[in-house]
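Taking it in order: structure first as structure tokens, then the write-up.
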Amino acid sequence: MSSHDDTAGFPTGFVWGTATASYQIEGAVTAGGRRPSIWDTFSHKPGTIHNGDTGDVADDHYHRYREDVGLLADLGVTHYRFSLAWPRLQPDGKGAINADGLDFYTRLVDELLAHDIQPWVTLYHWDLPQALEDAGGWPERDTAERFADYAALTHDKLHDRIQHWTTLNEPWCSAFLGYAAGAHAPGRTEPAAALAAAHHLLLGHGLAVEVMREQDRDSRLGITVNLSPVDPATEDPADVDAARRVDAVSNRVFLDPLLRGRYPDDLRADVAAISDLGFVQPGDEAVIAAPLDFLGVNYYFRAVVRANPGEPVPDPHARAWVGSADVEPVRTGLPTTAMGWEIDPSGLHDVLTRVHRDYGPVPIYVTENGAAFDDEVADDGRIHDEDRISFLDSHFRATLRAIDDGADVRGFFVWSLLDNFEWAYGYDKRFGLVHVDYATQTRTPKDSARWFAAVTRRNGLAAEVAVLD
Ligand code: FCB
């Protein structure tokens, strides 16, 4: 498979990790002075989340973090990617740091370091303090300033023990699922506001990088974007143009300002009827393009689209493609995960090599990839999730192919360590390497956890896919 050694070995020093996010696992939403985030508000609104689920308890990780770090140690990972809850650290989104919140993350980080696991933090994985949404949220420029203040306060306290800092996770979801499709918090359906939100998220990122860089030149700073290749369903020019537009408003809307210092011209033209992007002030694009130490890439599926001159389809992704109401996603017939997402590892290869090809050399980490399946606890008490093992195996191999093709991929974080609160899907979708029984909070490593531990120990894949023990 790969030139790195006889089986399918990853480069020496390759980073192996798992990823989680605060609202999805922590619970304890009123502990230690934490105040509501937009996800607390949104999940408590009837009809927003499958089964009426909320993150009130989640995996109770806030109280069980020691056990969870033990699970990570068993996986043999070198790194753990998790997010800091802004409403724990700055409950109202401004002012002094909340000592209890800081204490929780300090204890978590110390526990990780005691197990030789490097923390890799995300400052914002979607839990905006509700007070800031009440003041207008991400469509307001002030939210970018608030974010940079929060980053500075937090980095100042924790940079001595955390080297890798990610500003934002998947700003596409925050901006377009949150403010255009209304499928995520805060549940607004205002396309122009979604474009402003995207810009202020990026501006907040750039301002945060600037101030953290000043505080410590040794910190490694980056951002995580979710990327999908966007293919036209046919060669028909209308479909080809549909794919171009979706690519602009999903991928290039972030990659271009971050890595080239300007928004794409075609995107500006595509959304002109909705917004003139008047919120982009002189100098903003330069701030956003502050040099990065790494780019995080999350990959779950490939998008295939076609032009649809008829009624817009009721699909949250389609609603999020601002300026492209006449485009619809197309199924190709590949097998799907429990999310209904088609399994296409070649899409991961394609996004990794695309970043390398179109945006020049930048160290890349796959900061999320994984799959939900309808796991069942077998009579022997175990979870035989061969489907997840083969999903991960194929995506690891796609990553190796991308490395062979020149992409500078330095690590891979599996989503997720634990089954958790899967946003609008609640607890129905299980992405964990470790099963969680929500009634008892019992953690049970799935077969995929044991398989993954073998991969991290070997820093590579065996010829056989499902090698266990
Ligand atoms: C990503 C999110 C992550 C998780 C996975 C399945 O979009 O970043 O929190 O929900 O999807």
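The values are calculated or read from the model by the stated rules, or taken from the named source; none is laboratory data. The structure displayed is predicted, hence computed values, not measured ones. Every residue, glycine among them, receives a Cβ derived from its backbone with ideal geometry; neighbour counts consider all protein chains shown. The accessibility values were calculated without ligands, DNA or RNA, using every heavy atom of the protein model including side chains. Shrake-Rupley method; radii C 1.70, N 1.55, O 1.52, S 1.80 Å.
Mind checking whether some residue in the range 117-128 is at pLDDT 95 or above, open to solvent by less than 10 Å² (accessible area, probe 1.4 Å) and in contact with a Gly (Cβ under 6 Å, 6 or more places away or on another chain)? Spell out how you get there, then give the answer.
Keep residues of the range 117-128 that are at pLDDT 95 or above, which gives 117-128.
Remaining after also requiring open to solvent by less than 10 Å² (accessible area, probe 1.4 Å): 117, 119-125, 127-128.
Add one more test, that the residue is in contact with a Gly (Cβ under 6 Å, 6 or more places away or on another chain), and what stays is none.
No; the residues of the range 117-128 include none that is at pLDDT 95 or above, open to solvent by less than 10 Å² (accessible area, probe 1.4 Å) and in contact with a Gly (Cβ under 6 Å, 6 or more places away or on another chain).
Out of the residues in the range 312-329 that are in a loop (DSSP other than H, G, I, E, B) and among the aliphatic types (A, V, I, L, M), which is nearest to residue 175 (Cα to Cα)? Write out each step before concluding.
Here is the first cut: in the range 312-329, the residues in a loop (DSSP other than H, G, I, E, B) are 312-315, 321-326.
The next check asks that each one be among the aliphatic types (A, V, I, L, M); those that pass are 313, 322, 325.
Working: 313: 20, 322: 11, 325: 17 Å.
Among them, the one singled out is 322.
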Any chance you could count how many residues in the range 412-456 are more than 15 Å from the ligand (Cβ to nearest atom) and on the phi > 0 side of the Ramachandran plot?
1
Condition test on residue 381, is it of a type outside the set (A, V, I, L, M, F, W, C), more than 16 Å from the ligand (Cβ to nearest atom) and either open to solvent by less than 50 Å² (accessible area, probe 1.4 Å) or free of Cβ contacts under 8 Å to residues at least 40 places away in the same chain (or both)?
yes
Do you know which residues across the range 159-177 are in contact with a strand residue (DSSP E or B) (Cβ under 8 Å, 6 or more places away or on another chain) and among the small types (Gly, Ala, Ser)?
174
Note: among 158, 202, just one is surrounded by 22 or more Cβ atoms within 10 Å (Cβ to Cβ), touching a residue at least 12 places away in the same chain (Cβ under 8 Å) and away from the ligand (no atom under 16 Å from the Cβ), namely 202
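What number of residues within the range 345-363 are open to solvent by 40 Å² or more (accessible area, probe 1.4 Å) and either touching a His at 6+ places or on another chain (Cβ under 9 Å) or part of a strand (DSSP E or B) (or both)? Spell out how you get there, then give the answer.
Taking the range 345-363 and keeping what is open to solvent by 40 Å² or more (accessible area, probe 1.4 Å), we get 346, 350, 354, 356-358, 361.
Narrowing further to those that are either touching a His at 6+ places or on another chain (Cβ under 9 Å) or part of a strand (DSSP E or B) (or both): none.
Selection size over the range 345-363: 0.
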Residues 408, 375, 387: which one is within 16 Å of the ligand (Cβ to nearest atom), in contact with a His (Cβ under 7 Å, 6 or more places away or on another chain), open to solvent by 10 Å² or more (accessible area, probe 1.4 Å) and charged (D, E, K, R)?
375
If residue 177 satisfies all but one of (1) open to solvent by 10 Å² or more (accessible area, probe 1.4 Å); (2) over 17 Å from residue 37 (Cβ atoms); (3) in a helix (DSSP H, G or I), what's the number of the condition it fails?
(2)
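Among the helices (runs of 4 or more DSSP H) confined wholly to the range 1-83, which include 3 or more residues that are away from the ligand (no atom under 16 Å from the Cβ), farther than 29 Å from residue 94 by Cα and in contact with a strand residue (DSSP E or B) (Cβ under 8 Å, 6 or more places away or on another chain)?
Result: 61-75.
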So, of the residues in the range 106-137 that are in contact with a helix residue (DSSP H, G or I) (Cβ under 8 Å, 6 or more places away or on another chain) and within 15 Å of the ligand (Cβ to nearest atom), which turns out to be farthest from residue 23 (Cα to Cα)?
121
Please enumerate the residues belonging to the range 390-405 that are in contact with a Ser or Thr (Cβ under 9 Å, 6 or more places away or on another chain) and within 16 Å of the ligand (Cβ to nearest atom).
391, 392
